[in-house]
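What follows is a single structure, written as structure tokens, with notes after it.
The numbers here are math on the coordinates, done by the rules we state, and not lab data. In this text the structure is predicted, and so the values were computed from the model without any measurement. Using ideal geometry, Cβ is built from the backbone for each residue, glycine included, and neighbour counts are taken over all protein chains shown.
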Amino acid sequence: MKGFVVRVVLAVTRWRWIRWIFTRTRVGRRVSLRFVAGETLVEAIQVALEANEAGMPVSLNCLGEHVSDEASARASFDSYVAAIDAIGANGVDGNISVKLTQLGFVFDEGLCETLLGDLARRAAGAGTTLTIDMEDSTLTDGTLGMYERVQRANGNLGIALQAYLKRTPQDLARVAPLGGHIRLCKGAYDEPESIAFRSRRQVNDAYDALLEAVMAEEGLMPAIATHDDARVAAAVSAAEGRTAAYEFQMLYGIRVSLQEQIVADGLALRSYIPYGEAWYPYLTRRMAERPANLWFFIRALFGR
Ligand SMILES: Cc1cc2nc3c(=O)[nH]c(=O)nc-3n(C[C@H](O)[C@H](O)[C@H](O)COP(=O)(O)OP(=O)(O)OC[C@H]3O[C@@H](n4cnc5c(N)ncnc54)[C@H](O)[C@@H]3O)c2cc1C
């Protein structure tokens, strides 16, 4: 059922007039800003500093994906260089999160690897790290391979793994020896049943099993990326007896009171802060995760 709802919401948000309302009307943009820090790096840094003030380090994600030419890949690279520089210049406690398709992965893996390696070195120079977001399943193998190579060369990377993919326990075993941080999330794309768990219960069970596995790896920094109370509780319990650090990660604007509670409880929480002009695909995934967000939008549209 959830898969059906996800497909419907993703299909609806692809309609040109829906996209137009979100991106071109004042109310559409206002609703979107609930989930996105703004369209500029300056706005993102402001939000990042506020998060730091509230006790949360951040991960800055300059929105965009699937560029199809070298100039656009280099432009994405430049925007991340600017983000790393701004983290250093403003004393932000934060790192960056990058999608490989932003760096040209689908048309030139060599270019992507060069750019990613350069970003990793610049992040290291600024005393910080870089996380590779995980995109849809057509990219999983390539993303893992790229992570292995660039992490081996630099040592300051992390990667997101998706609990809904049936392959993920093997992927975790494959990347664990490399150290780094492992962001464990449920997964945000519409994947077929042949390779992915589709029911909420199956995904949650898979997530909890991965929590146990990742917490048992003292050489890894587990980043528990969920807004699900039961998964948060499972993480705390799986971490009992762990001597090394771990953290929670949550998306900007989602379950803010839970975020505050986790910080108040003395647990580490990183806020994932997306920003930039290309925010629409990000917004559609947040809608698909929680179709109630569409109602929030419709109510706002009619001023209620
Ligand atoms: C820091 C971070 C990084 C991520 N990186 C990736 C990635 O690289 N690749 C990837 O595929 N996915 C990524 N995701 C998304 C993730 O895979 C899930 O799609 C998303 O987090 C929703 O799952 P959940 O664990 O919060 O659980 P759910 O069961 O979906 O949600 C639990 C509760 O959280 C609240 N909630 C969840 N989502 C929303 C929303 N959109 N709007 C409002 N409330 C909501 C609701 O109250 C819901 O009941 C990331 C998530 C986080 C937090």
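Data overview
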{"item": "Cα convex hull volume per residue for the range 31-93 (Å³)", "result": "86"}
{"item": "Of the GluC sites (Glu not before Pro) in the range 171-262, those whose Cβ has at most 11 other Cβ within 10 Å and which sit in DSSP loop", "result": "Glu193, Glu218, Glu240"}
{"item": "Selection of chymotrypsin sites (Phe, Trp or Tyr not before Pro), the range 1-76, meeting DSSP coil and at most 10 other Cβ within 10 Å", "result": "Trp15"}
{"item": "Magnitude of the charge dipole, the chain, Cβ model with Lys/Arg +1 and Asp/Glu -1, debye to 20", "result": "1340"}
{"item": "Kirkwood estimate for the range 1-59, i.e. one over the average of 1/r between Cα atoms, Å", "result": "13.7"}
{"item": "Inter-centroid distance (Cα atoms) of the range 215-294 relative to the range 100-126, Å", "result": "25"}
{"item": "Relative contact order (%) - the chain, alpha-carbon pairs under 8 angstrom, separation at least six", "result": "24"}
{"item": "Spin-label model distance (nm) - Glu218 vs Arg26, 7 Å beyond Cα toward Cβ", "result": "5.9"}
{"item": "At most 12 other Cβ within 10 Å, DSSP loop - chymotrypsin sites (Phe, Trp or Tyr not before Pro), the range 202-304", "result": "Phe302"}
{"item": "Relative counts (whole %) of C-alpha pair distances in the chain, using bins that are 10 Å wide", "result": "6, 27, 38, 25, 4, 0"}
